[in-house]
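Student: To start, I am sharing the structure in question, which I have written as structure tokens.
The numbers here are math on the coordinates, done by the rules we state, and not lab data. As the structure is a computational prediction, the values presented were derived from the model and not from experiment. Cβ placement follows ideal geometry from the backbone for every residue including glycine, while neighbour counts extend to all protein chains displayed.
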Amino acid sequence: MEHHHHHDHEHDHSHEHAGPHVHPVTQNLKVAFFLNLGFTLVEFIGGLITNSVAILSDAVHDLGDTFAIGSSWFLENYAQKGRTTKYSFGYKRFSPLSALINSAILLTGSFFIVFETVPRLFQPEPVNAQGMLLLAVLGVVMNGAAVLRLRKSQDSVNQRTVMLHLMEDALGWIAVLIGSIVMYFTGWTVIDPILSLGIAVYIFVNAFKNLRAVLTIFLQATPKDVDIEKVKEDLLSIEEVQDLHDTHVWTMDGQYNILTVHLVLTQNRALSELPVIRDRVHQVLKQHHIQHITVQFEVPGEMCELEKH
Ligand SMILES: [Zn+2]
Ligand SMILES: [Zn+2]
């Protein structure tokens, strides 16, 4: 808790000029959360009124988006708390945890859609094509506005990912828009369950990919952006390092990577030399996207319990 009062000393103030008290990113997330939540509700109700499974599928998708935005909004506030005695790593793992919950919601949701939709392929039900068209226009406008807004400040990888997602969502709505026009003129209501299944597959594939990525984090796999063999090679290329063992790399949240290693030094070194060697180690590891480093130095011939490569 004491970190909360101290965080001003460690925090970069350069991005805080836009608002006196509220973090601008948090403010954007808050707006995005309530817009998405509102739109999700409109879709669920609209889907029931128009009797369209395609609209209901999109509602499930947007429920997932709402949850994702809501949890990053929540985490944005939480992350400022920093480390506590109970959570010595801070709250970074809460991010993959919320991604895990979201994947579970979306996977369940996509099965639910398929379950509801498949019978309609064989027995199409009448839908209100005009109502669908209205919702689709609203969907295209909302997603399009969000894309245009993000386009102005496209500086981080994360924002680009969000924009690509929004563009995919907009494409989905354009498909619903075209489908509803065709249904209006032809009465081919089988288009509705076909669109719905398309959306369900899209939800499933994305949720499955996210789940797989999140599980590798919880299973403490070597992070994707770290080549552990190259890390070892580069550490061994440091003049004073003779050998190494017990190398572990894992990630807190997919971005913040941690490494521990035992380094055997070439000969008995003076304690006063260690900071210089450690600096070299840190320089090497910085190039490998590793932010948190713990090194144990050993002397040649030392018996180490963990000496298994
Ligand atoms: Zn989306
Ligand atoms: Zn050791």
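Student: How much length is gained if the chain between CYS304 and LEU48 is pulled fully straight, taking 0.36 nm per residue apart and subtracting their Cα-Cα distance, in nm to one decimal?
Tutor: Working: separation 256, 0.36 × 256 = 92.16 nm, distance 6.63 nm.
My answer for the length gained is 85.5 nm.
Student: Using a simple charge model, +1 on the beta-carbon of Lys and Arg, -1 on the beta-carbon of Asp and Glu, nothing else, what dipole does segment 158-309 show about its Cα centre, in debye to the nearest 20? Before the final figure, lay out the partial values.
Tutor: Working: 11 positive and 19 negative charges, 125 e Å.
That gives a dipole near 600 debye.
Student: Return the FRET efficiency for the residue pair ILE101, THR186: r is the Cβ-Cβ distance, R0 is 41 Å, and the value is rounded to the nearest 0.05.
Tutor: FRET efficiency, ILE101 to THR186: 0.50.
Student: Before rounding to the nearest 500, sum -39500 (n - 2.57) across all DSSP H runs of length at least 4 in the chain and divide by the residue total; then give [θ] at 222 nm in deg cm²/dmol.
Tutor: Values: 9 runs with 195 residues, N = 309.
One gets -22000 deg cm²/dmol as the mean residue ellipticity at 222 nm.
Student: Using the Cα centre as the reference, give the magnitude of the dipole from point charges on the C-beta atoms of the chain (Lys, Arg: +1; Asp, Glu: -1; all else neutral), rounded to the nearest 20 debye. All intermediate terms of the calculation are to be shown ahead of the outcome.
Tutor: On the way: 21 positive and 32 negative charges, 150 e Å.
Here the chain has a charge dipole of around 720 debye.
Student: Less than 14 Å Cβ to Cβ from GLU116, Lys/Arg counted +1 and Asp/Glu -1: what total charge do the surrounding residues give?
Tutor: -2
Student: Could you list which residues have their amide H under 5 Å from that of ASP243, counting only those 5 or more apart in sequence or on another chain, with H placed in the peptide plane?
Tutor: Residues meeting the criterion, in which the H sits 1.01 Å from N, are VAL264.
Student: Measure nothing but the geometry: give the 0 to 90° angle between the long axis through the Cα atoms of 157-186 and the longest principal axis through the Cα atoms of the chain, rounded to 10°.
Tutor: So the inclination is approximately 20 degrees.
Student: Given +1 on the Cβ of Lys and Arg, -1 on the Cβ of Asp and Glu, and no further charges, what dipole in debye does segment 223-298 carry about its Cα centre, rounded to the nearest 20?
Tutor: 160
Student: Return one number: the angle in degrees, 0 to 90 and rounded to the nearest 10, between the long axis of the Cα atoms of helix 53-79 and the longest principal axis of the Cα atoms of the chain.
Tutor: 30
Student: Expressed in nm², what is the orientationally averaged projection area of the convex hull enclosing the Cα positions of segment 149-232?
Tutor: Answer in nm², one decimal: 8.5.
Student: Of LEU150, LEU75, PRO126, which is farthest towards the positive pole of the chain's charge dipole, taken about the Cα centre with +1 and -1 on the beta-carbons of Lys, Arg and Asp, Glu respectively?
Tutor: With unit charges placed on the Cβ atoms, the residue in question is PRO126.
Student: Could you work out the local net charge near GLN296, counting Lys and Arg as +1, Asp and Glu as -1, over the other residues with Cβ closer than 14 Å to its Cβ?
Tutor: -4
Student: Taking one equal scatterer on every alpha-carbon of the chain, how large is log10 of I(q)/I(0) by Debye at q = 0.16 1/Å?
Tutor: The computed values of log10 I(q)/I(0) come out as -1.26.
Student: Do you know the relative contact order of segment 112-256, to the nearest whole percent, from alpha carbon pairs under 8 angstrom that are 6+ apart?
Tutor: Answer for segment 112-256 is 26 percent.
Student: Could you please rank HIS282, HIS289, placing first whichever residue has the fewest other Cβ atoms within 10 Å of its Cβ?
Tutor: On the way: HIS282 12, HIS289 17.
Final ranking by Cβ density, sparse to dense: HIS282, HIS289.
Student: Hey, another quick one. What longest region of the chain stays clear of GluC sites (Glu not before Pro) that DSSP places outside H, G, I, E and B and that have at most 15 other Cβ atoms within 10 Å? Mind dumping the intermediate values first?
Tutor: On the way: sites that count: GLU16, GLU239, GLU302, GLU305, GLU307.
After excluding every exposed loop site, the longest remaining stretch is 17-238.
Student: Further question: Which shape class applies to segment 208-309: rounded if a/c is under 1.5, otherwise prolate when a/b exceeds b/c and oblate if not, where a ≥ b ≥ c are the square roots of the Cα gyration tensor eigenvalues?
Tutor: It is prolate, given that a/c is not under 1.5 and a/b is the larger ratio.
Student: Less than 14 Å Cβ to Cβ from LEU75, Lys/Arg counted +1 and Asp/Glu -1: what total charge do the surrounding residues give?
Tutor: Summing Lys and Arg as +1 and Asp and Glu as -1 gives +2.
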